[in-house]
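What follows is calculated from the coordinates using simple rules that are stated; it is not laboratory data. As the structure is a computational prediction, the values presented were derived from the model and not from experiment. Methodologically, a virtual Cβ is constructed for each residue, glycine included, from the backbone with ideal geometry; neighbour enumeration extends over all protein chains shown.
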Amino acid sequence: MTHTYSAAMPAKIAVLTVSDTRNEETDTSGAYLVDALTSAGHQLQSRKIVIDDKYQIRAVVSAWIADPAIDAVVITGGTGFTARDTTPEAISVLFDKHVEGFGELFRHLSYQEIGTSTIQSRALAGFANNTVIFALPGSTGACRTGWTGIIAEQLDATHKPCNFMPHLKKPN
């Protein structure tokens with residue numbers, strides 16, 4: 001089911017930081033995303049920090065995609081290759097549809113900034129229950145790249161020729 005969004009209608013977004021070491025005071029990536037989304041006129045619906053555990057990640061994201069008050073989820077962290085990096089495994093099983101080009105485009109933009117180190121990112125995106133979910137690396141720079149290079153336009157109802165807004169849940 002799709003809904004009509006006007007340019008003035010903000011997305012309702014939840015931000016999840018996946019980290020074993022960050023807290024509210026040291027979570028610069030989550031803080032950047034909150035500042036960026038609110039500056040763009042969107043509404044922060046929830047913000048959490050969870051440890052790098054795929055079941056805890058999946059539990060939080062599952063609750064958010066079931067919540068009709070949340071249109072989008074932006075995750076920072078857990079997309080690398082260490083044994084503890086399980087964000088892709090945690091969330092990809094929840095997707096109804098994968099946004100195939102998101103990871104590729106993120107890595108293309110990131111390559112221009114950090115070179116071949118970008119291949120160590122498993123950034124991904126998808127839809128679950130008409131909620132778009134973006135997973136970005138944990139660095140603030142990577143969050144900036146993902147937000148400014150992709151997410152901001154896709155959550156802007158005025159962006160042409162298309163954007164994700166018509167595919168999201170009807171706002172409350």
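So here's what we get for this one:
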quantity: Fewest-first sequence of VAL61, VAL18 by Cβ atoms within 10 Å of each Cβ; calculated: VAL61, VAL18
quantity: Within-10-Å neighbourhood charge of LYS54 [Cβ basis; K, R +1; D, E -1]; calculated: -2
quantity: ³J(HN,Hα), Karplus 6.51/-1.76/1.60, whole Hz, each residue of segment 150-157, x for Gly, Pro; calculated: 9, 5, 4, 6, 6, 9, 10, 4
quantity: Part-to-part distance (alpha-carbon centres) for segment 143-172 and segment 20-74, which is given in Å; calculated: 17 Å
quantity: Cα-centre dipole for the chain with unit charges at Cβ (Lys and Arg positive, Asp and Glu negative), debye to 20; calculated: 320 debye
quantity: For segment 136-148, Karplus couplings with θ = phi - 60° (6.51, -1.76, 1.60), whole Hz, Gly/Pro x; calculated: 10, x, x, 6, 4, x, 5, 5, 4, 4, x, 5, 6
quantity: In nm, spacing of pseudo-spin labels at PHE95 and ALA69 (7 Å Cα→C-beta vector); calculated: 2.8 nm
quantity: Reciprocal mean inverse distance between Cα atoms of the chain - Kirkwood radius, Å; calculated: 15.8 Å
quantity: Long-range amide H partners of THR17 with built H, under 5 Å; calculated: LYS48, ILE49, VAL50, THR76
quantity: For segment 120-126, 3J(HN,Hα) per residue [Karplus equation, 6.51 cos²θ - 1.76 cosθ + 1.60, θ = phi - 60°, Hz, x = Gly/Pro]; calculated: 8, 9, 10, 4, 7, 8, x
quantity: LEU124 long-range amide H proximity, modeled H, under 5 Å; calculated: ALA135
quantity: Angle between the chain longest axis and helix 54-66 axis [Cα atoms, degrees, rounded to 10]; calculated: 10 degrees
quantity: Amide H contacts of MET9 (H built 1.01 Å from N, under 5 Å, at least 5 apart or other chain); calculated: none
quantity: Helix-only CD estimate at 222 nm, as mean residue ellipticity for the chain, using -39500 (n - 2.57) per DSSP H run (n ≥ 4); calculated: -9000 deg cm²/dmol
